[in-house]
Amino acid sequence: MTEQGKLSRRALFAGVAAIGATAQLTAMLNATAQELAAEAPAAIDSLERVKVELVAPPFVHAHDQIAKGGPKIVEFTMTIEEKRHEVADDAEVWAMTFNGSVPGPLMVVHEGDYVELTLVNPDTNLMPHNIDFHAATGALGGGALTNVNPGEKAILRFKATRAGVFVYHCAPEGMVPWHVVSGMNGAIMVLPRDGLRDPKGNLLTYDRVYYVGEQDFYIPKDETGAYQVYESIADCHADTLETMRGLIPSHIVFNGRVGALTGDNALKANVGETVLIVHSQANRDTRPHLIGGHGDFVWATGKFHTPPDVDQETWFIPGGTAGAALYTFRQPGVYAYVNHNLIEAFELGAAGHFVVEGDWNDDLMTAVLAPSPI
Amino acid sequence: MTALALPFKEIAGIALPATLLAVALGAVAWQVLPPIFRPAAGFPAPETVTLPPGEIAYRAEGQFFFGTTPIDAPKLAARIEAPLTIMKYQVSAADYAACVSDGACRPAAPATLGVGDVPATGVNFQDAEDYAGWLSARTGAVWTLPTDRQWAYAAGSRYADDALGLVDDPTNPALRWLADYREEANRLRAADPMPRPLGSFGENENGIADLAGNVWEWTDTCHRRVHVDAAGAVLSEQPACTVRVLEGKHRASVSYFIRDARSGGCSVGVPPDNLGFRLVRQPPWHERLLARFGL
């Protein structure tokens with residue numbers, strides 16, 4: 001055999017071996033891919049399914065703080081309701097709501113669970129709606145897969161891959177801000193499977209959890225200065241859009257209306273109890289503050305794998321975000337929980353109350369001299 | 001010198017007292033004369049009710065302290081010495097507007113709410129005093145805001161004793177705050193803010209209308225802080241006259257310049273629905289004199 005133009009036997013054998021190996025490898029890879037593909041649906045199908053009945057805010061449905069067992073598929077259903085909604089004694093809006101409340105209800109799952117939401121838009125409504133979960137990945141948060149016209153429903157499943165509290169809101173094309181500031185937003189809490197942790201990694205638990213959804217409304221006024229009332233939801237669109245573009249809300253409220261979390265509906269706690277306050281603002285910045293208390297552990301932007309800030313006075317939640325704060329009450333009495341732009345709190349409605357019972361701690365605070373003549 | 005020419009000094013000596021007597025008699029005649037013989041006053045006097053002197057059980061106004069502990073104010077026996085003449089109705093929006101167009105009163109703010117012959121609302125303590133001064137000039141009588149005590153006397157069964165009846169625990173100031181809060185929550189449930197035409201809230205046993213309706217009425221009484229000892233004797237009293245007492249469904253203390261208590265939002269607590277007022281007519285001197293003689 002000559003050496004030029006001829007493949008050496010070794011090279012030939014190596015080449016054939018290579019081709020063979022490649023073919024073999026390809027076959028193996030294809031087989032693995034098929035197995036994997038076959039595995040994913042099979043794995044999901046084998047997961048435990050849990051059906052959750054949602055509860056109106058500020059309360060939260062029953063849940064485990066530390067996950068029991070492995071990842072689950074957690075089924076929720078939300079029905080969209082367009083309705084007249086009183087924001088204050090002298091102001092009402094056409095609200096767009098998940099499950100009839102402003103904000104929509106808080107959902108709770110664990111990291112690694114699948115959220116399966118059935119979204120129903122009854123034909124008593126006039127508008128198309130959808131849902132964007134800030135906790136989800138892809139398809140505009142699910143918005144592209146859940147567009148439902150009146151008379152339709154859709155089911156979305158997404159994997160809760162990130163731990164934290166996250167906003168969800170309606171986001172139909174061409175009308176996104178209008179729906180959001182008409183009340184169509186809420187939040188979901190994705191707890192770490194082994195529970196909340198302080199910066200040192202110690203377990204944190206709560207005795208009570210409250211969900212405060214803060215809502216900015218832009219209600220147009222008529223020529224006499226009174227808030228406009230509209231016959232149907234379609235009628236309010238143009239005026240509301242104009243008021244929205246001024247960027248100054250007419251009302252900023254907790255749980256849907258001025259004073260909703262006060263009086264008989266003030267949030268309750270006892271001295272010694274640890275309370276988790278989940279606070280969402282789907283559109284506008286806010287800065288929660290507990291007057292008379294603190295945030296012992298605060299996830300201001302709401303993500304539980306970021307170690308919480310401690311000993312917080314006031315924390316900043318950017319518009320489009322949910323935050324969470326943990327506090328153990330140490331004194332009895334009445335507390336105000338506010339957006340600490342105090343104009344927004346006391347003039348526009350962004351305030352709620354805690355009513356706390358228990359023993360007074362004189363060491364923490366005492367009146368040395370009650371107000372007396374100088 | 002003739003018998004008829006009296007010395008000037010003597011004439012002067014008689015002239016002064018004689019003139020004074022004539023003037024005094026003239027003044028008495030002027031005030032006692034029926035209105036028909038007097039030139040028109042220019043403004044119809046408001047309808048009033050006159051109550052005889054008497055005594056009421058009365059929850060003292062102000063914030064009371066025993067040491068560092070706030071306590072309920074004591075209940076006192078309060079005597080009203082003279083007949084009390086008080087407006088049957090609150091000052092109406094129309095009457096207040098007359099004062100405004102005369103330039104003697106500032107406009108109500110927010111603009112008086114409600115439809116029909118409604119009471120003046122959106123008025124502060126200063127506005128009420130300005131109106132009283134204007135009405136006095138127009139009617140020739142002396143009109144003032146009632147004291148808290150006079151209002152309570154006139155209100156009779158409609159007067160609300162808003163003591164909490166709490167036994168205070170000096171080690172736990174929060175108990176009173178929580179009790180106050182629950183009381184406020186009760187009031188919030190009953191809130192009905194739109195002013196209604198005069199008379200809508202009915203009359204009490206004294207024939208006075210709209211007491212303890214949804215309009216709180218300014219009084220002349222200053223808010224105060226009182227320190228007492230264990231026996232209830234007053235150790236110190238500090239009036240705060242930039243804060244005045246209002247009466248209605250419950251007693252309220254509001255800064256004198258506030259016209260709309262609703263937006264003067266406290267961190268906690270329910271403010272009055274509307275701020276308005278009615279006036280008392282001070283009896284002229286001769287009536288007081290006759291009253292002293294039991295006439």
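Overview of results
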| read-out | value |
| --- | --- |
| Enumeration of residues in region B:197-234 that are in a strand (DSSP E or B), surrounded by 13 or more Cβ atoms within 10 Å (Cβ to Cβ) and of a type in the set (A, V, I, L, M) | B:209, B:226, B:228 |
| Residue match in region B:237-244 (condition: touching a residue at least 12 places away in the same chain (Cβ under 8 Å), touching a strand residue (DSSP E or B) at 6+ places or on another chain (Cβ under 6 Å), away from chain A (no Cβ under 12 Å) and part of a loop (DSSP other than H, G, I, E, B)) | no |
| Qualifying residue in region A:355-372 (condition: farther than 17 Å from residue B:172 by Cα, crowded, with 23+ Cβ neighbours inside 10 Å and at pLDDT 95 or above) | no |
| Hits in region B:161-186 - residues which are under 30 Å from residue B:208 (Cβ atoms), more than 8 Å from chain A (Cβ to nearest Cβ) and assigned to a helix (DSSP H, G or I) | B:180, B:183, B:186 |
| Residue ID - surrounded by the most Cβ atoms within 10 Å (Cβ to Cβ), chosen from residues in region A:160-182 that are in a strand (DSSP E or B) and touching a helix residue (DSSP H, G or I) at 6+ places or on another chain (Cβ under 8 Å) | A:168 |
| When residues of region B:38-61 are limited to those that are of a type outside the set (A, V, I, L, M, F, W, C) and outside any loop (DSSP other than H, G, I, E, B), the one modelled with the lowest pLDDT | B:58 |
| Selection count where residues are in a loop (DSSP other than H, G, I, E, B) and within 11 Å of another protein chain (Cβ to nearest Cβ), scope region A:330-362 | 10 |
| Members of region B:141-160 found to be in a loop (DSSP other than H, G, I, E, B) and touching a Pro at 6+ places or on another chain (Cβ under 9 Å), listed by number | B:141 |
| Qualifying residues in region B:62-85 (those that are farther than 25 Å from residue B:171 by Cα and outside any strand (DSSP E or B)) - the one farthest from the other protein chains (Cβ to nearest Cβ) | B:83 |
| Test: residue in region A:237-246 that is free of Cβ contacts under 8 Å to residues at least 24 places away in the same chain, among the acidic types (Asp, Glu) and either surrounded by fewer than 22 Cβ atoms within 10 Å (Cβ to Cβ) or over 30 Å from residue A:117 (Cα atoms) (or both) | yes |
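Residues checked against (1) surrounded by 16 or more Cβ atoms within 10 Å (Cβ to Cβ); (2) at pLDDT 95 or above; (3) more than 30 Å from residue A:356 (Cα to Cα):
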site	(1), (2), (3)
A:211	yes, yes, no
A:225	no, no, yes
A:232	no, no, yes
A:250	yes, yes, yes
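The values are calculated or read from the model by the stated rules, or taken from the named source; none is laboratory data. Quick caveat: nothing in here was measured; it's all calculated off a predicted structure. Don't worry about glycine lacking a Cβ; one is built from the backbone with ideal geometry, like all the others, and counts go over all protein chains shown.
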